[in-house]
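Shown next, in structure tokens, is the structure this report addresses.
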Amino acid sequence: MKIIVADTSGQAFQHAADMIAEEIRGSQAPVLGLATGRTMENIYQLLVQQHEAGTLDFSGTTSFNLDEYVGLPPTDPNSYSHYMQEHLFSHVNMPAGQGHVPNGVAVDLEAECARYEAAIRTAGGLGLQLLGIGETGHIGFNEPPSAFDSRTRVVHLDDVTRRQNSGMFGDDPERVPERALTMGVGTILEARRLVLVAVGEGKAAIVDEALNGPISEAVSATAIRLHDDVTVILDEVAARIWHRNKE
Ligand code: GLP
């Protein structure tokens, strides 16, 4: 596992964006696994800048997002589908239909999960998978405990997560949907390369647990240590506790 500690969050975002851009340039038909959240907004902004500067072509890229809230249609500003349009898809030349997000309003959610897994396989599997980390240690929406061989499925969101994500819902955790669709930990571990990005003091404790704590299904992010191509990108504050505790 490679751990990069950047001096500033801006440098951490730049590093992640550069890795994604390299993946896109280095592959004939790149398949990206994408994530949402405040951290990722900054990374997408840098990718959009590269596209606008004429140095990054998304026309051959396919992407699969990690997760989506159950019950929110793509028109809902809080849906991850809407997020992806707003922060990336509408600004780059990725053909419509190549940016996949699980359908949180599918009539049959189980069938939607199976369809999503099949679509990833048909695309040739995930190349670089971008990951954030939640306060519960989730990657995607794999709340504790999540089996390391879990696949795309419906999950109940932890109260901690509903509180963490309530900023987009008028600061009211009750308005955050109770359920979500998420790629499983097993789905994520099958990506060829994992890039986890965490910045800010609020992430320091969970980053330490993810990197120094016992590998356990009680902290989904510890699963990344089982993968043989992982880069963790942190800023100094997010790295502080991990750095102090590491042997
Ligand atoms: C949501 C997403 C996660 C992401 C997390 C972190 O919960 N489902 O995939 O890692 O947000 O978000 P932020 O970057 O806003 O801290």
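Since every read-out is calculated from the coordinates, none of them should be taken as a lab result. Values in this document were obtained by computation on a predicted structure and should not be read as measured data. We place every Cβ from the backbone using ideal geometry, glycine too, and count neighbours over all the protein chains shown.
Restricting attention to the range 61-93, which residues are of a type in the set (Phe, Trp, Tyr) and within 15 Å of the ligand (Cβ to nearest atom)?
Passing the criteria: 64, 69, 80, 83.
Test residue 56 against the stated conditions and say whether it is within 21 Å of residue 13 (Cβ to Cβ) and either among the basic types (Lys, Arg) or part of a helix (DSSP H, G or I) (or both).
In short, no.
Going through the range 155-170 one residue at a time, which ones are within 14 Å of the ligand (Cβ to nearest atom) and of a type outside the set (A, V, I, L, M)?
156, 158, 159, 161, 162, 163, 164, 165, 166, 167, 169
Name the residues in the range 137-154 that are of a type in the set (A, V, I, L, M, F, W, C), crowded, with 20+ Cβ neighbours inside 10 Å and either farther than 14 Å from residue 191 by Cβ or more than 13 Å from the ligand (Cβ to nearest atom) (or both), would you?
141, the sole residue that qualifies.
For the condition out of contact with any Phe, Trp or Tyr (no Cβ under 8 Å at 6 or more places or on another chain), surrounded by fewer than 16 Cβ atoms within 10 Å (Cβ to Cβ) and within 26 Å of residue 1 (Cβ to Cβ), what is the one hit in 170, 184, 125?
Only one candidate qualifies: 125.
Of all residues in the range 189-207, how many are more than 13 Å from the ligand (Cβ to nearest atom) and either outside any helix (DSSP H, G or I) or touching a strand residue (DSSP E or B) at 6+ places or on another chain (Cβ under 8 Å) (or both)?
Going through the range 189-207 one residue at a time, the tally reaches 4.
Quick one: in the range 32-60, of everything that is closer than 19 Å to residue 121 by Cα and within 14 Å of the chain's Cα centre (by Cα), which residue is nearest to the ligand (Cβ to nearest atom)?
Restricting to residues being closer than 19 Å to residue 121 by Cα and within 14 Å of the chain's Cα centre (by Cα), the top hit is 35.
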